[in-house]
Amino acid sequence: MVFSSAADTIPGSSAQAAKPLGGNARTDLLWPLAIMGIMATVILIGGVAALVFEFDAGSLQREQGGVSHGISGRIDEIEHLIVPRAASDEAVANLAVNFDVDWAQRNIGLYLAQAEGFDAAFVLTHEDRPVLASLNAKVEPVEAYADFAAAARSLVDTVRATEARRGPVRTTEQIRANLAAPIQASEIERVDDATYVLTATLVQPDFGAVLIEGPRAPIVLTAMAIDQAFIDVFADRYLLQGLAIQQRPPGAWTDLAQAPLRNQDGESVATLTWLPTKPGQTLLNRLGPPILIFLAMLAALVVVVYRRSLTAARSLIQSEGRATHMAYHDALTGLPNRVLFFDRLALAIDQAKRNHQSIAVHCIDLDKFKQVNDTHGHPAGDELIREAARRMKAQCRAADTVARLAGDEFAVIQIGASPASAAALAARLIEAMRALVDLGASRVLVGCSAGIAMINDGDITPAEALRQADLALYRAKHEGRGRYCFFEMEMDTAIKSRRQMEADLRQALANDELSMVYQPQVDQTGRVKGVEALLRWQHCERGSVSPSYFVPFAEECGLLGELTLFTLRRALADSCRWHGLDVAVNISAHQLRRDGFADALIGIAAELGVDPEKIDLEITESTLLLDDSHTHDTLSRLREMGFKLVLDDFGTGYSSLTYLRRYPIDKIKIDRSFVAELGHHADADAIVAAIVNLGHALNLEVVAEGVETVEQLQRLVAVGCRDIQGYLFSRPVDAAEIDILSQIGIIELNHQAA
Ligand code: C2E
Ligand code: CA
Ligand code: CA
């Protein structure tokens, strides 16, 4: 099975970052906008429609009211027109007391037709028998009433009923007391093809000069056709346009407003139609175009907002993608970073467990990255890292993960690895890093070391896997860099005891468990010239721990600064106790290279009132090996202050002579190994003699250390080395003993040798 790519594990990896806006996101955006747009449109259109409808309906109602008022008003007028004709003493005399047909025709038929526009007039006797029929101002045979008889029936009945209730007008008092109001009834009815206002009016006196004899009076029945002329009278008054009468009940006439004309029984006998004003429609016509423009603008706005939101959402998703990519990748190399590395390692361990595979975790460290960074600058350091990343990636398969964990620390997850293939990959990586790296202005050789942890067990955590690879790397570096090492269990134990040691050393520094001892330096006669300050750590379990072990250890675990302050302060303070004795202090390469070392030393000397001339600084050739300007400056500065420089372990380094010329050295200390060989190897005497001669030639003092025997002493003296340090004269002792020695001033050799 192939190891999943990052896209499977970490959200928003590069594969996802480029992903376009999904369909869901589009609809998610579109829907609310569309709904808002539609709602706005519906509300607007609905509102306008409701307004238009209400306006139009209100107007129609008003117009219909106008029509019915017009009709009823006309009927009232008609009734009033008849009253003077039928309700008068003269009418009583000529119609009831005696029926005078001429009078009737002249005053009723003809008059009403010509003066008032009635179409027909009839006079009925008290028995409701027609005695006059006048149609269009002409007297017709009374049979003509037959056409109207049926339509007039109910009207006549109504009038008779009212007459019966009131009774005939018999006295003038009745009239004077206004108790003789005219009795009339009107209705709209159809006769043949026309619609008429039929009015029945009871004949009665107006002044009472003549009275009705019997119980019933005659009735005058009139008909006025509801024609165009009839309705025109009120059409103008009520502002009704195109008012017309249709001789049929209301129906579906488009665009026309209608009002039915009903008879007494409520049946519609004809319909009035007119062109409704429709103010709503007018309003709509006026508002329509602006509303359409507004809706178009709304639609455009929705589109613009949609587009903008879409773009905004897109760039948001993109920048989110970029941010996630940055969160899981190293900006400099583009490689997965520590977070993604752990994620993938967890997944790889999981898959390896299921597939019964092994994986290898490589931890790789560039060997000289810090130096390149310090001497060539950070841009060069960056380029070196980028080039290292390229080379490492080129050596790995696509399924493997190459990650940058920190600084110059890389890691590789090798899927399906055997110890052999892991070793092969590590060798290839180291080989690839061996080639010269072109940094533009310069080319450097760096190289790298690798630690490998084989993982066959699915229960290991990614952190533990990396820790093991890291331990193996540590071992590889210690074994000489440019190589790889597999993790082994005992490294763990070693590291654990180191960790314990570190804790102990911290505690020792805090609890003042460290101390200084001093080893005298004498001339051949035993006269004490100076002492070398040597650090001691009395460990509660391990006993006395050698500084050659714990000083480098302090360097590694960051305790060197404290250690330096302790030794300088103690040695310089003790030096004040011994007049005439020089005190040599050992300074490791790391101490010397630390920023502020010279300041600290000068500061302590000034504070304690120590004359720098009394202090020898013992440095080794390895300190000078790098030949960097910082070291050079520090040493020159200290020398100018008066401190003396001693080259320790002389002869064990590389090109001793070069350093002696380049640096302001005052004294060389012949290494113990040469002294130990004196008398055993013929060469040894020659070498020691050469060193002594060289020193004297360069005007340097020469001291030999590790002198244990009288023979060694004699041979040294023989070649001209007169300053001696070693067990032969004294082991390192504590300050109190040096107090005494400084008083005596000489060590008796015979006594000591025994
Ligand atoms: P070194 O500077 O070469 O110190 C001399 C070492 O040789 C001392 O070991 C001393 O005890 C030992 N020695 C002296 N005379 C004889 C002798 O006749 N025979 C033999 N076999 N050994 C003799 P020590 O004290 O264990 O120091 C070991 C190294 O630790 C020193 O080597 C020095 O490099 C470093 N060291 C000691 N004290 C300090 C310190 O305060 N600061 C720093 N930075 N390094 C220190
Ligand atoms: Ca020394
Ligand atoms: Ca030494």
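Of note:
- Among the numbered conditions (1) hydrophobic (A, V, I, L, M, F, W, C); (2) over 19 Å from Gly482 (Cα atoms); (3) out of contact with any Lys or Arg (no Cβ under 7 Å at 6 or more places or on another chain); (4) in contact (Cβ under 8 Å) with a residue 12 or more places away in the chain, the only one that Leu405 does not meet is (3).
- Taken over region 293-326, the criterion of being over 21 Å from Thr27 (Cβ atoms) and either free of Cβ contacts under 8 Å to residues at least 60 places away in the same chain or in contact with a Phe, Trp or Tyr (Cβ under 9 Å, 6 or more places away or on another chain) (or both) is satisfied by Ile293, Ala296, Met297, Ser319, Met326.
- Annotation: of all residues in region 520-542 being in contact (Cβ under 8 Å) with a residue 24 or more places away in the chain, of a type outside the set (A, V, I, L, M, F, W, C) and away from ligand 2 (no atom under 16 Å from the Cβ), the one that is farthest from Arg577 (Cα to Cα) is His539.
- Within region 678-721, if we keep just the residues that are within 16 Å of ligand 1 (Cβ to nearest atom) and small (Gly, Ala, Ser), the residue that is surrounded by the fewest Cβ atoms within 10 Å (Cβ to Cβ) turns out to be Gly679.
- Residue in region 653-667 that is exposed (fewer than 15 other Cβ atoms within 10 Å of the Cβ) and within 16 Å of ligand 1 (Cβ to nearest atom) present: no
- In region 549-570, the qualifying residues are those that are without any contact (Cβ under 8 Å) to a residue 12 or more places away in the chain and part of a helix (DSSP H, G or I), and the one that is nearest to ligand 2 (Cβ to nearest atom) is Tyr549.
- Candidates Ala598, Ala584, Ala605, Ala573: the one that is assigned to a helix (DSSP H, G or I), of a type in the set (A, V, I, L, M) and within 14 Å of ligand 1 (Cβ to nearest atom) is Ala573.
- Hits in region 525-542 (condition: among the charged types (D, E, K, R) and either within 22 Å of Leu572 (Cβ to Cβ) or within 16 Å of ligand 3 (Cβ to nearest atom) (or both)): Lys529, Glu532, Arg536
- Filter pass, Ile615 being without any contact (Cβ under 8 Å) to a residue 40 or more places away in the chain and of a type in the set (Val, Ile, Thr): no
- Among the residues of region 494-527, the one identified as in contact with a Gly (Cβ under 7 Å, 6 or more places away or on another chain) and within 10 Å of Gln725 (Cα to Cα) is Gln521.
- Pairs where the first residue, in region 497-519, is more than 16 Å from Leu535 (Cα to Cα) and the second is in a loop (DSSP other than H, G, I, E, B), C-beta under 7 Å, 6+ apart: Glu502/Cys557
- Candidates Ala133, Ala180, Ala146 - the one that is surrounded by fewer than 14 Cβ atoms within 10 Å (Cβ to Cβ) and among the hydrophobic types (A, V, I, L, M, F, W, C): Ala146
- Test: residue in region 105-124 that is without any contact (Cβ under 8 Å) to a residue 12 or more places away in the chain and closer than 21 Å to Ala259 by Cα: no
For (1) within 60 Å of the chain's Cα centre (by Cα); (2) more than 19 Å from Val531 (Cβ to Cβ); (3) small (Gly, Ala, Ser); (4) more than 16 Å from ligand 2 (Cβ to nearest atom), each residue gets a yes or a no:
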residue: Arg672; (1), (2), (3), (4): no, no, no, no
residue: Glu677; (1), (2), (3), (4): no, yes, no, yes
residue: Ala682; (1), (2), (3), (4): no, yes, yes, yes
residue: Ala689; (1), (2), (3), (4): no, yes, yes, yes
residue: Asn693; (1), (2), (3), (4): no, yes, no, yes
residue: Glu701; (1), (2), (3), (4): no, no, no, no
residue: Asp723; (1), (2), (3), (4): no, no, no, no
residue: Gln743; (1), (2), (3), (4): no, no, no, yes
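- Residue pairs meeting the criteria (Cβ under 8 Å; at least 6 apart or on separate chains; first in a helix (DSSP H, G or I), in region 475-493; second among the hydroxyl-bearing types (Ser, Thr, Tyr)): Ala476/Ser449; Ala476/Tyr484; Lys477/Ser449; Met491/Tyr474
- Condition broken by Glu143, with the remaining ones in (1) out of contact with any Pro (no Cβ under 9 Å at 6 or more places or on another chain); (2) more than 20 Å from Ala96 (Cβ to Cβ) satisfied: (1)
Condition check ((1) under 22 Å from the mean Cα position of the chain (by Cα); (2) modelled with pLDDT of 85 or more) across all residues:
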residue	(1), (2)
Phe230	no, yes
Arg237	no, no
Arg248	no, no
Gly251	no, no
Pro260	no, yes
Gly266	no, yes
Pro279	no, yes
Gln318	yes, no
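The values are calculated or read from the model by the stated rules, or taken from the named source; none is laboratory data. Source: prediction; values computed, not measured. Because the Cβ atoms are built from the backbone with ideal geometry, glycine has one as well, and the counts that use them run over all protein chains shown.
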